[in-house]
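Asks: Please find one structure pasted underneath; my questions will follow.
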Ligand SMILES: Nc1nc2c(ncn2[C@@H]2O[C@H](COP(=O)(O)OP(=O)(O)OP(=O)(O)O)[C@@H](O)[C@H]2O)c(=O)[nH]1
Ligand SMILES: [Mg+2]
């Protein structure tokens, strides 16, 4: 789309080409043109030429990107909400683009602080209202409310703690508003697909680019809220430690049926002094434990940095797994070469978006849909039986698989349970796939760095 015409063999435009070119025609000198009009016309012509050149360069860039995209491997991460898709993506980024990931650490620090405060909020809600916990219990067991809250002394103690933590909670609300999409109802921190939430948390891409004064203003508001959060957390460290160390609090959480090991923020409660310190820098393990719910589809272009595979490229699409996000997966089916399907064997858990639906049952329904899809018939399917550590913990704590899956009559032990479900997933692929495909599976704990 260039103003310049195609050239003849000697690098000159032919007179007929010049004559026909609508851009040239538009800027032809009219008869009786004054000197002032001539200068104005030439300036306009030069502006148009500049704009055209920019469009040409943009098109060239887009063409190059499409060509690179055509050659690169395209992966699609699928699975229900909280299956671990974004965590697997972080593993890829840590392994293949460590320098880029290093620059993002600042973002994860704030997310982890918010995750920690979210867990504290959950505890406070339970303390305030033990008979109807704000977070429904994780499993479908119905346990009686805690008896310890009837005690007045205990109530007074929690009221004081809640009061002293209230400034921290209001700062958290401010930061949440900056980065989240407030319209989405969820227990978790939600972000819209795209990198803008990361830049709000201080991540500056190496590309940089000029910032307008408006951007400078909102950045300073955001930076202010984030440093308030850090300051308030440090000031609240002792209160948080007291709250978490209290055996009555633990007892009460246990009695409401909330499985604290399954909630991201609770992991950071085991390390309050470190995470609330003003100089806190998250480790890789912390970042893998951090939780941000994906809404929509985020596509990541990975250009490997390491020696062995430097310059190799692939595209990974990370999708939101909640039920109302699943229709946004379909446009990505066309292009995908391989699907990494995350299938935690959470046999005793319910979906957050519909507490009547068992998580593992839901995962199997999604898997059957993927196996039978004609659009995905050409795709390599790889299944990750993720959250193996949680499965182990659940089984060791005595939760019987047969209570949830009556057809299971094997031992209540990780190896046997995994083998049983693996066979069911494999059989669905064999039965439903439009053409034969190998069953490729791994047992993973995505929070452990590979
Ligand atoms: N213990 C344990 N936690 C995990 C594992 N994999 C992921 N998690 C945690 O589970 C939470 C949810 O993981 P995500 O990767 O955000 O889940 P997702 O599939 O991207 O979820 P959506 O974005 O809502 O679709 C995070 O706090 C992770 O740290 C695992 O193997 N073991
Ligand atoms: Mg996600």
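The values are calculated or read from the model by the stated rules, or taken from the named source; none is laboratory data. In this text the structure is predicted, and so the values were computed from the model without any measurement. Every residue, glycine as well, gets a Cβ built from its backbone with ideal geometry; the counts of neighbours run over all protein chains shown.
Asks: Has the stretch 320-335 got any residue that is away from ligand 1 (no atom under 12 Å from the Cβ), within 29 Å of residue 102 (Cβ to Cβ) and touching a residue at least 12 places away in the same chain (Cβ under 8 Å)?
Replies: Checking the stretch 320-335: at least one residue is away from ligand 1 (no atom under 12 Å from the Cβ), within 29 Å of residue 102 (Cβ to Cβ) and touching a residue at least 12 places away in the same chain (Cβ under 8 Å).
Asks: Would you mind listing the strands (runs of 3 or more DSSP E) fully within the stretch 256-349 where at least 2 residues are away from ligand 2 (no atom under 16 Å from the Cβ)?
Replies: Correct list: 297-303, 313-319.
Asks: Here are some residues: 253, 240. Which one is assigned to a helix (DSSP H, G or I) and at pLDDT below 90?
Replies: 253
Asks: Any idea which of 349, 392 is within 16 Å of ligand 1 (Cβ to nearest atom) and without any contact (Cβ under 8 Å) to a residue 24 or more places away in the chain? Break it down stepwise before answering.
Replies: Values: 349 fails: without any contact (Cβ under 8 Å) to a residue 24 or more places away in the chain.
Being within 16 Å of ligand 1 (Cβ to nearest atom) and without any contact (Cβ under 8 Å) to a residue 24 or more places away in the chain holds for just one of 349, 392, which is 392.
Asks: Now, a different point. I'd like to know if the stretch 349-366 contains one or more residues that are closer than 13 Å to residue 440 by Cβ and at pLDDT 95 or above.
Replies: No, that holds for no residue.
Asks: Give me a count of the residues in the stretch 407-428 that are more than 18 Å from residue 389 (Cα to Cα) and assigned to a helix (DSSP H, G or I).
Replies: Of the residues in that region, 6 qualify.
Asks: Restrict the check to the stretch 374-393 and report whether at least one residue is crowded, with 22+ Cβ neighbours inside 10 Å, within 16 Å of ligand 2 (Cβ to nearest atom) and at positive phi.
Replies: So far as the stretch 374-393 goes, yes, one or more of its residues are crowded, with 22+ Cβ neighbours inside 10 Å, within 16 Å of ligand 2 (Cβ to nearest atom) and at positive phi.
Asks: Taking the condition of being within 10 Å of ligand 1 (Cβ to nearest atom) and surrounded by 15 or more Cβ atoms within 10 Å (Cβ to Cβ), how many residues in the stretch 273-295 meet it?
Replies: Selection size over the stretch 273-295: 10.
Asks: Which ones in the stretch 352-373 are in contact with a strand residue (DSSP E or B) (Cβ under 8 Å, 6 or more places away or on another chain) and either assigned to a loop (DSSP other than H, G, I, E, B) or on the phi > 0 side of the Ramachandran plot (or both)? Don't jump to the end; show me each part of the working.
Replies: We begin by selecting, within the stretch 352-373, every residue in contact with a strand residue (DSSP E or B) (Cβ under 8 Å, 6 or more places away or on another chain); these are 356-359, 366-367, 370-371.
Result: 356, 357.
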